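The values are calculated or read from the model by the stated rules, or taken from the named source; none is laboratory data. None of the values given here were measured: they were computed from a predicted structure. Glycine gets a Cβ as well: all are built from the backbone with ideal geometry, and neighbour counts include every protein chain shown. Side chains are part of the model used for accessible areas, which takes the heavy atoms of the whole protein and leaves out ligands, DNA and RNA. Shrake-Rupley method; radii C 1.70, N 1.55, O 1.52, S 1.80 Å.
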Amino acid sequence: MITIDDLGADVTDHQLTRPDGRIVAWSESGVADGHPLLRVPGTPGSRFSLRADRTPWVERGLRVITTERPGYGASTRLEGRTFVEHSDDVAVILDSLGIDALPVYGGSGASPHILDFAFRHPDRVTAATIMVGAAPLEPDEADAMIDLNALEYRLYHEGRFDELWRISAEMREEILADPLAGFRGAMASSTEVDRAIIEDPTWQRGFLVAIVEALRAGPGGWYDEGLAMAGSWGIPFESIETDITWWHSDGDRNAPLSAARRVVDALPNARLRVWSDAGHLTPYRHEPEILDELLSRAGPSASR
């Protein structure tokens, strides 16, 4: 079992209890008295979805608050949840920390959660960044994704939810038995760029801690999130006024660029930046650039 001691001296673990009895957990890392920055993990992710090399955070004096969604890690599962619950959970976390507003960023499965938070709590977000974000798909886009994602999309739209649960449970067992082998298998049909990053020892250190914690409580969080993302998001993109930069990769097979373009085009105050010859894990290599661009739009510091 992963413990706080495995993560580094700068990492602290936190939780609170919501009125419905759910535990909501998060971590803080980087510079304890630094400028707050909200980090939303991808799918599946946990509050321990942190960079092993946190130099970009420390150099910029950032206090990174990493959230955790229902059913992952220490956070209580909530069957049937959508994106609303995470948005309201985050607002309560910020209230508990005495933080009024701050910049927000995250990648992959973080995108609907960031967008929903920006829509429901616009006064809490000074600026947002999404990297290689998931987006509502057309059938032909789903067919071009990695094999696992394409299969899950098809099963959802065929109403085969028992099969989706079985796949989530089996993938969880495979990943927990051997995290790197399990993830290599899931990403076997991804890009060469992605497969190279998976072999990076520093990336692996961060991934191992994050994925084991995300899935230790069971497959429920991953399954519930998959249903929410495959269905109607219910987020009015055209009503989100937050300033957003969306970074994407031209070769991403986990989150198609064409789907991302549609969302960015619908957002009133967003821009798309595309990396060439890149994949779904490419943001890992661009953290300084991503942070500097986000912080330049968020102002000198978050309000506390």
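With n ≥ 4 as the cut-off for DSSP H runs, can you work out [θ] at 222 nm for the chain, using -39500 (n - 2.57) per run divided by the number of residues, rounded to the nearest 500? Walk me through the intermediate numbers first.
Numbers: 12 runs with 125 residues, N = 304.
It lands at -12000 deg cm²/dmol.
Roughly how many Å is it from the Cα centre of region 143-203 to that of region 7-81, as a whole number?
23 Å
Can you give the alpha-carbon Rg of region 76-148 over 2.2 N^0.38 Å, where N counts its residues?
With N residues counted in region 76-148, Rg over 2.2 N^0.38 Å equals 1.28.
Subtract the Cα-Cα distance of Gln204 and Ala188 from 0.36 nm times their separation in residues, and report this length gain in nm to one decimal.
Using 0.36 nm per residue and subtracting the Cα-Cα distance, I get 4.1 nm.
In nanometres, what is the gap between the two model label sites at Arg297 and Asp162, each 7 Å from Cα along Cα-to-Cβ?
4.6 nm
Please work out the Kirkwood hydrodynamic radius for region 70-213, using every pair of different C-alpha atoms, and report it in angstroms with one decimal place.
17.4 Å
Taking 1 over the mean of 1/r across every pair of different Cα atoms in region 252-304, what Kirkwood radius in Å do you get?
Numbers: mean 1/r = 0.0763 Å⁻¹.
Answer for region 252-304: a Kirkwood hydrodynamic radius of 13.1 Å.
Name the residues whose placed amide hydrogens come within less than 5 Å of the amide hydrogen of Ala101, ignoring near sequence neighbours (fewer than 5 apart) on the same chain.
Ser303
Once you charge only the Cβ atoms, +1 for Lys and Arg and -1 for Asp and Glu, what is the size of the charge dipole of region 206-304 about its Cα centre, to the nearest 20 debye?
60 debye
Could you report the chain's accessible area per residue, 1.4 Å probe, as an integer in Å²?
40 Å²
To the nearest µm²/s, what D does Stokes-Einstein give for the chain at 4 °C and 1.567 mPa s, using the Kirkwood radius over alpha carbon pairs as Rh?
It comes out at roughly 68 µm²/s.
Let's see if you can work this out: charge +1 on each Lys and Arg Cβ, -1 on each Asp and Glu Cβ, no other charges. What is the dipole magnitude of the chain about its Cα centre, in debye to the nearest 20? Mind showing how you got there, number by number?
Values: 29 positive and 49 negative charges, 90 e Å.
Using only the charged Cβ atoms, the result is roughly 440 debye.
Counting only other residues whose beta carbon sits under 9 Å from that of Ala25, what net charge do I get with K and R as +1, D and E as -1?
Working: positive: Arg47; negative: Asp13, Glu68.
Charge balance near Ala25 sits at -1.
What does the convex hull of the Cα atoms of region 156-214 come to per residue, in Å³, rounded to a whole number? Each step should come with its number before you reach the end.
Details: hull volume 5.4 nm³, N = 59.
Each residue corresponds to 92 Å³ of Cα convex hull volume.
Taking region 1-96, how much of its Cα-Cα pair set, in percent, is spaced more than 21 angstrom apart? Please report the intermediate quantities before stating the final value.
Details: 1366 of 4560 pairs.
It works out to 30 percent of all Cα pairs.
For region 141-278, would you read off the P(r) tail past 28 Å as a percentage of all alpha carbon pairs?
The calculated P(r) of region 141-278 puts 26 percent of pairs beyond 28 Å.
Where Rh is the Kirkwood radius over the Cα pairs of region 204-296, the temperature 10 °C and the viscosity 1.306 mPa s, what D in µm²/s does Stokes-Einstein return?
Details: Rh = 15.6 Å.
The calculation lands on 102 µm²/s.
Residue by residue through region 97-108, what is 3J(HN,Hα) from phi via Karplus (6.51 cos²θ - 1.76 cosθ + 1.60, θ = phi - 60°)? Round to whole Hz and write x for glycine and proline.
Running phi through 6.51 cos²θ - 1.76 cosθ + 1.60 with θ = phi - 60° gives 8, x, 9, 7, 8, 6, x, 10, 8, x, x, 6 Hz.
How much of the accessible area of the chain, probe 1.4 Å, is carbon plus sulfur, in whole percent?
Here it works out to 50 percent.
What ³J(HN,Hα) values, in whole Hz, does the Karplus curve 6.51 cos²θ - 1.76 cosθ + 1.60 give for region 82-87 when θ = phi - 60°, with x put for Gly and Pro?
Running phi through 6.51 cos²θ - 1.76 cosθ + 1.60 with θ = phi - 60° gives 10, 10, 4, 4, 5, 4 Hz.
Check Gly71: other-chain or 5+ apart residues with amide H under 5 Å from its amide H, H built from backbone geometry?
Here the answer is Thr76, Arg77, Leu78, since their amide H atoms fall under 5 Å of that of Gly71.
Work out, step by step, the length gained on full extension between Glu170 and Arg195: first 0.36 nm times the residue separation, then minus their alpha carbon distance; give nm to one decimal.
On the way: separation 25, 0.36 × 25 = 9.00 nm, distance 2.19 nm.
Extra length available between Glu170 and Arg195 comes to 6.8 nm.
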